[in-house]
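Visitor: Before anything else, here's the structure in question.
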Amino acid sequence: MGDRIPQVDAYIEAAAPFAQPILKAVRDAYHDACPEVVESIKWGFPHFEYKGLLGNMAAFRKHATLGFWKAGLMNDPHGLLRGPGSMTSSKLTDVSQLPDRASLADYVRDAVRLNEEKVKLSRPPRKAPVALEVPTDLQAALEANAAAGTTFANFFPSHRREYIEWINEAKQQATRERRLATTIEWLAEGKAMNWKYKSGRGTGKNGG
């Protein structure tokens, strides 16, 4: 039998008056549908687990939410979930926006079924990496300094991005020119931008 832990009691008691009955109803539904459910507080708000994460609930200043980890695979006869793959429901401001207790428990049973059947969420396809655009002034400086150009070309994209963003974030031309000069100096020495904070004061190059 799953226990109702005091941390969740305290979370509900600290919520705004409108949110408390919403949270209590959601909690009851989890225990109605899954007596073995395990409560916990993760990232500051209540979560419910059984053979893996089932879902959560949260209260904010003007609304409350509930969520199911595998919402995109669940039945949603009452339009409670916000969209395919969504962990969080619509914003709730009154307990009357929830379906009745039995129907809410059916949502939990569906989430339990998915965990019992070990159904996994499909991962979204990876986005193609965005090509780095080297500023014109940096490109010219790299071409003028062979050592700096070689280091930059051999860096991981993340290291190149650090220099590019640092230069582009300069708000005044004089600042940009100073950063550009420093960039070329450090690159000529084989240094990543944050070399001062890295052990070995080192290269940041591929394989280094």
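The values are calculated or read from the model by the stated rules, or taken from the named source; none is laboratory data. What you see is a predicted model; the values in this text were computed from it and never measured. We place every Cβ from the backbone using ideal geometry, glycine too, and count neighbours over all the protein chains shown. Note: areas computed on protein heavy atoms with side chains; ligands, DNA, RNA excluded. Shrake-Rupley method; radii C 1.70, N 1.55, O 1.52, S 1.80 Å.
Visitor: Per residue, how large is the accessible surface of the chain? Use a 1.4 angstrom probe and give square angstrom.
Guide: 60 Å²
Visitor: So I have (1) 19.5; (2) 18.1; (3) 21.2, and one of them is Kirkwood radius over Cα pairs in Å calculated from this model. Which one is it?
Guide: (3)
Visitor: If contacts are Cα pairs under 8 angstrom and at least 6 residues apart, what is the relative contact order of the chain in percent?
Guide: Relative contact order for the chain comes out at 14 percent.
Visitor: Sticking with this structure for a sec: Which angle from 0 to 90°, rounded to the nearest 10, does the C-alpha axis of helix 173-188 make with the longest principal axis of the chain?
Guide: With rounding to tens, the tilt is 80 degrees.
Visitor: So if each residue of separation counts as 0.36 nm, and I subtract the Cα-Cα distance between S96 and R109, what length gain in nm does that give?
Guide: 2.6 nm
Visitor: Based solely on its DSSP helices, what 222 nm [θ] is calculated for the chain when runs of n ≥ 4 H residues each add -39,500 (n - 2.57) and the sum is averaged over all residues, nearest 500 deg cm²/dmol?
Guide: Counting only the DSSP helices, I get -13000 deg cm²/dmol.
Visitor: Report the one residue of T175, S122, F60 whose Cα lies farthest in the direction of the positive end of the charge dipole of the chain (charges on C-beta: Lys and Arg +1, Asp and Glu -1; origin at the Cα centre).
Guide: In the chain, that residue is T175.
Visitor: When the dipole is taken about the Cα centre of region 1-44, and only Lys, Arg (+1) and Asp, Glu (-1) are charged at their Cβ, what size is it in debye, to the nearest 20?
Guide: In debye, rounded to 20, region 1-44 gives about 160.
Visitor: Let me ask something additional. State which stretch of the chain is the longest one without any exposed trypsin sites (Lys or Arg not before Pro), exposure meaning a DSSP loop state and at most 16 other Cβ atoms within 10 Å.
Guide: Excluding the exposed sites themselves, the longest stretch runs over 5-50.
Visitor: Going by alpha carbons, how many degrees (0 to 90, nearest 10) lie between the helix axis of 157-168 and the longest principal axis of the chain?
Guide: Orientation of helix 157-168: about 80 degrees from the principal axis.
Visitor: Once the convex hull of the alpha carbons of region 1-105 is built, what does its volume come to per residue, in cubic angstrom? Can you show the working numbers first?
Guide: Details: hull volume 9.5 nm³, N = 105.
Here the figure is 91 Å³ per residue.
Visitor: Less than 19 Å from a label point 7 Å out along the Cα-to-Cβ axis of F60: which backbone N atoms in region 16-45 qualify, by residue?
Guide: 16-24, 26, 42-45
Visitor: Could you size up the charge dipole of the chain around its Cα centre, putting +1 on the beta carbon of Lys and Arg and -1 on that of Asp and Glu, and report it in debye to the nearest 20? Don't skip to the answer; put the middle values down first.
Guide: On the way: 29 positive and 24 negative charges, 127 e Å.
It works out to roughly 620 debye.
Visitor: Quick one: longest stretch of the chain between exposed loop chymotrypsin sites (Phe, Trp or Tyr not before Pro), exposed meaning at most 13 other C-beta atoms within 10 Å and loop per DSSP?
Guide: 61-208
Visitor: Separate question: List the longest stretch of the chain that has no exposed loop site; here a site is one of the GluC sites (Glu not before Pro) assigned by DSSP to anything other than H, G, I, E or B, with at most 16 other Cβ within 10 Å.
Guide: 37-116
Visitor: Next up: Can you figure out the FRET efficiency of Q172 with A147, using R₀ = 35 Å and their beta-carbon distance, to the nearest 0.05?
Guide: According to the calculation, E is roughly 0.80.
Visitor: To make sure I understand the rule: partners must be aspartates and glutamates, Cα under 19 Å from the Cα of K196, and not fewer than 8 residues away in the same chain. Which ones qualify?
Guide: Within reach: E162, E165, E185.
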